[in-house]
Amino acid sequence: MFSYEFMRNAFAAGTIIAVICGIMGVFVIARNMSFLTHTLSEIGFSGAAFGVFAGWAPLNGMLLFTVVSSVIVGQLSARSERREAATSAISALFIGMGILFLSLANKNASYATSILFGSVIGISVSDVRQMLWLSLVVLLVVFVLYRFLKFDSFDHTGARVKGLWTNALSITFLVLVALSVSVAAQIVGSLLIFILLTLPAATAKYFAHTVGGMMVLAIALALIGVWSGLTLSYLTNYPVSFFIAAIEAIFYFVALGWQRLQTAE
Amino acid sequence: MTNAPILKLDHLGVTFPNNPVFSDLNLTIRQGEVWSIIGKNGVGKTTLMRTLLHQLRPTQGKVTYLPSVNDVRIGYVPQFRNIDADYPLTIRDFIGLNLTGWKLPWLSAKERAKVQRIIEQTGLTKLANRPIGQASGGEKQKAYLAQALVEAPNLLILDESTASLDPVTKTELLDLVTELNQRLNLTVLFVTHDIPMAQKYTHQYLMMTPGKVEQGPIAQLTHDKVWEGENV
Ligand SMILES: Nc1ncnc2c1ncn2[C@@H]1O[C@H](COP(=O)(O)OP(=O)(O)OP(=O)(O)O)[C@@H](O)[C@H]1O
Ligand SMILES: [Mg+2]
């Protein structure tokens with residue numbers, strides 16, 4: 001399997017994605033942003049379509065759209081009651097635009113499928129390099145802001161009391177999610193990216209009780225999903241995103257069941 | 001360590017749309033003082049505390065922290081907080097959240113010792129490694145207090161933080177606050193409906209009533225004032 005270059009690239013890319021998603025996912029879950037993450041991945045689809053239309057690399061279109069829209073969403077919905085409605089409206093607008101751009105670009109349905117569902121074959125060494133750079137930027141920002149981000153994500157009331165600049169933090173975090181979505185969509189596709197950004201961390205939450213512990217566990221769960229997904233996809237020729245989604249969902253339901261048993265006793 | 005003023009309110013007022021809460025409030029708080037803030041439900045105690053914390057902008061007057069204390073560090077235990085049963089962090093980790101700053105992600109040995117000390121002082125030793133989501137109401141209150149105290153504040157604001165504590169625990173925590181007040185000159189603002197406790201543990205009172213605010217030494221907070229005016 002590793003004698004093929006595209007498989008080596010896919011594994012490298014998948015590993016980067018799993019690490020980023022494990023770390024960011026913990027904050028996404030703590031901040032109750034699963035829904036927003038889902039929206040950002042739809043916006044990513046639209047951005048990729050725009051990229052194709054404009055003759056850019058889809059990743060660049062994705063970056064542009066997700067970063068800009070995450071700032072808009074952040075501004076619109078600093079107050080969380082408004083977040084769901086504002087997010088739905090923005091997401092509808094962007095999906096519509098994505099469909100328009102694809103049709104304008106005269107690309108056939110299989111191109112749309114590969115943006116939406118991801119693909120293993122298309123990843124080049126330079127793609128991997130770009131993903132690595134973007135991920136390092138995300139990780140560096142998280143590292144520097146870690147204590148602030150952790151306080152605000154896990155105890156928003158306490159962070160506000162302390163006078164942390166929670167709105168600026170919130171927008172910065174959204175931009176980081178946007179970058180992560182764009183990176184991760186390369187392999188699992190924009191339709192399923194939120195799975196890696198939410199399920200491993202949501203599962204980890206039931207077993208680990210420190211933020212660091214949750215991250216380690218979430219990364220491990222994401223890695224298992226991505227690596228076995230790639231292997232199974234190679235062996236069976238079925239889409240990789242199917243396997244990743246199935247594996248992460250099973251982990252999550254097992255954790256949920258385990259939690260139920262614990263509390264039932 | 002003399003009684004330098006640390007906080008001054010000048011003609012302070014807050015009005016929500018169509019709802020004047022309080023107005024023309026003048027108050028000077030000095031270092032090391034322990035105040036009780038009393039008044040009926042909805043009279044504006046929490047609103048006043050949030051104004052002091054700059055979470056709410058006053059519609060009138062101003063809040064000034066005086067430079068006599070070159071660094072005012074506020075510890076605030078709010079009345080309400082979102083901690084659901086699923087909340088993953090242990091009590092220990094929850095307390096450590098308050099140690100922020102441009103620092104490495106993990107706590108240093110010194111910081112861990114700080115957290116441990118506060119855990120012992122607040123009587124949370126046995127519970128420290130339990131997820132805070134599973135702690136009882138009173139245990140959560142203790143953890144909130146511990147989190148506020150871990151950064152060694154010099155102004156502590158408690159918003160009905162002892163309301164769900166049993167009598168023994170309540171006394172223990174109030175003794176701890178009193179000890180910090182005496183040893184470190186900690187200034188305390190205590191929002192409460194518990195008049196006997198206010199009389200035992202605080203030095204000054206601020207009694208809020210609709211349209212009027214009264215203040216004075218706690219000895220002057222007589223039974224008549226509180227009950228005749230229905231001011232608790
Ligand atoms: N964000 C807000 N917007 C509008 N009105 C508000 C807001 N917050 C509080 N109020 C109103 O201000 C008044 C004072 O509320 P506050 O929470 O300060 O009361 P309190 O004295 O702390 O009462 P309690 O003893 O019940 O805690 C109430 O009438 C409340 O409805
Ligand atoms: Mg209140």
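When B:VAL63, B:VAL14, B:VAL72 are checked against the criterion of being within 16 Å of ligand 2 (Cβ to nearest atom), closer than 30 Å to B:MET208 by Cα and not aromatic (Phe, Trp, Tyr), a single residue qualifies: B:VAL14.
If you go through region B:197-215 and pick out every residue that is at pLDDT below 90 and loosely packed, with under 15 Cβ neighbours inside 10 Å, you end up with 3. With respect to B:GLY96, is the statement that it is under 24 Å from B:GLU139 (Cα atoms), among the small types (Gly, Ala, Ser), within 11 Å of chain A (Cβ to nearest Cβ) and without any contact (Cβ under 8 Å) to a residue 60 or more places away in the chain true? Yes: the conditions hold for B:GLY96. For B:ILE132, state whether it is within 17 Å of B:SER161 (Cα to Cα), more than 16 Å from ligand 2 (Cβ to nearest atom), in contact with a Lys or Arg (Cβ under 8 Å, 6 or more places away or on another chain) and modelled with pLDDT of 90 or more. The answer is yes for B:ILE132.
Step by step: first the residues of region B:23-53, then only those that are among the charged types (D, E, K, R) and within 16 Å of ligand 2 (Cβ to nearest atom), then the one that is surrounded by the most Cβ atoms within 10 Å (Cβ to Cβ). Which residue is that? Among them, the one singled out is B:LYS45. Do you know which of the residues in region B:129-149 that are away from every other protein chain (no Cβ under 11 Å) and without any contact (Cβ under 8 Å) to a residue 60 or more places away in the chain is nearest to B:GLY32 (Cα to Cα)? Once the filter is applied, the top-ranked residue is B:ALA146. Inspect all residues belonging to region A:231-246 and state whether any of them is within 28 Å of B:ARG81 (Cβ to Cβ) and surrounded by 24 or more Cβ atoms within 10 Å (Cβ to Cβ). No: region A:231-246 contains no residue that is within 28 Å of B:ARG81 (Cβ to Cβ) and surrounded by 24 or more Cβ atoms within 10 Å (Cβ to Cβ). A Cβ distance below 8 Å, combined with a sequence gap of six or more or placement on separate chains, defines the contacts here; from region B:27-51, residues that are within 14 Å of chain A (Cβ to nearest Cβ) reach residues that are more than 14 Å from ligand 2 (Cβ to nearest atom) and part of a strand (DSSP E or B) in the pairs B:THR51/B:LEU12; B:THR51/B:VAL63.
For region A:213-228, a residue qualifies if it is surrounded by 22 or more Cβ atoms within 10 Å (Cβ to Cβ) and closer than 17 Å to A:LEU149 by Cα, and the qualifying residues are A:MET214, A:MET215.
Residue count for region A:184-212 satisfying the condition of being surrounded by fewer than 24 Cβ atoms within 10 Å (Cβ to Cβ), away from every other protein chain (no Cβ under 11 Å) and at pLDDT 90 or above: 1. Taken as a whole, the structure leaves B:GLY101 outside the set of residues that are away from chain A (no Cβ under 13 Å) and modelled with pLDDT under 90. In region B:151-158, the condition of being within 13 Å of the chain's Cα centre (by Cα), at pLDDT below 90 and either within 16 Å of ligand 1 (Cβ to nearest atom) or among the β-branched types (Val, Ile, Thr) (or both) is met by no residue. Of everything listed in (1) within 13 Å of chain A (Cβ to nearest Cβ); (2) under 25 Å from B:GLY123 (Cβ atoms); (3) at pLDDT 90 or above; (4) over 15 Å from the mean Cα position of the chain (by Cα), the single unmet condition for B:LYS110 is (1). Has region B:183-203 got at least one residue that is within 15 Å of ligand 2 (Cβ to nearest atom) and free of Cβ contacts under 8 Å to residues at least 40 places away in the same chain? Looking for residues that are within 15 Å of ligand 2 (Cβ to nearest atom) and free of Cβ contacts under 8 Å to residues at least 40 places away in the same chain, one finds at least one in region B:183-203, hence yes.
Of the residues making up region B:1-22, those that are crowded, with 20+ Cβ neighbours inside 10 Å, touching a residue at least 60 places away in the same chain (Cβ under 8 Å) and more than 9 Å from ligand 1 (Cβ to nearest atom) are B:ILE6, B:LEU7. The residues listed here are B:PRO67, B:PRO88; of these, the one that is within 8 Å of another protein chain (Cβ to nearest Cβ) and either modelled with pLDDT under 85 or closer than 23 Å to A:ALA204 by Cα (or both) is B:PRO88. Residues in region B:1-24 that are part of a loop (DSSP other than H, G, I, E, B) and within 18 Å of B:THR64 (Cβ to Cβ): B:ASN3, B:ALA4.
Going by what's in this entry, would B:LEU158 be described as crowded, with 19+ Cβ neighbours inside 10 Å, within 16 Å of ligand 2 (Cβ to nearest atom) and within 14 Å of chain A (Cβ to nearest Cβ)? Against the criterion (crowded, with 19+ Cβ neighbours inside 10 Å, within 16 Å of ligand 2 (Cβ to nearest atom) and within 14 Å of chain A (Cβ to nearest Cβ)), B:LEU158 qualifies. For B:PRO153, the criteria (1) more than 14 Å from chain A (Cβ to nearest Cβ); (2) under 30 Å from B:LEU66 (Cα atoms) hold in every case but one, which is (1). Looking at B:ALA219, is it small (Gly, Ala, Ser), within 16 Å of B:SER36 (Cα to Cα) and either away from ligand 1 (no atom under 14 Å from the Cβ) or within 14 Å of chain A (Cβ to nearest Cβ) (or both)? Considered against the rule, which asks whether it is small (Gly, Ala, Ser), within 16 Å of B:SER36 (Cα to Cα) and either away from ligand 1 (no atom under 14 Å from the Cβ) or within 14 Å of chain A (Cβ to nearest Cβ) (or both), B:ALA219 comes out as yes.
Considering only region A:146-163, I want to know if a residue exists there that is in a helix (DSSP H, G or I) and away from chain B (no Cβ under 11 Å). Among the residues of region A:146-163, not one is in a helix (DSSP H, G or I) and away from chain B (no Cβ under 11 Å), which makes the answer no. Answer yes or no: is there a residue in region B:163-172 that is of a type outside the set (Asp, Glu), under 27 Å from A:ALA204 (Cβ atoms), more than 9 Å from every other protein chain (Cβ to nearest Cβ) and outside any loop (DSSP other than H, G, I, E, B). The answer is no; no qualifying residue exists.
The values are calculated or read from the model by the stated rules, or taken from the named source; none is laboratory data. Computed from a prediction, not measured in an experiment: that's the story for all the values here. Methodologically, a virtual Cβ is constructed for each residue, glycine included, from the backbone with ideal geometry; neighbour enumeration extends over all protein chains shown.
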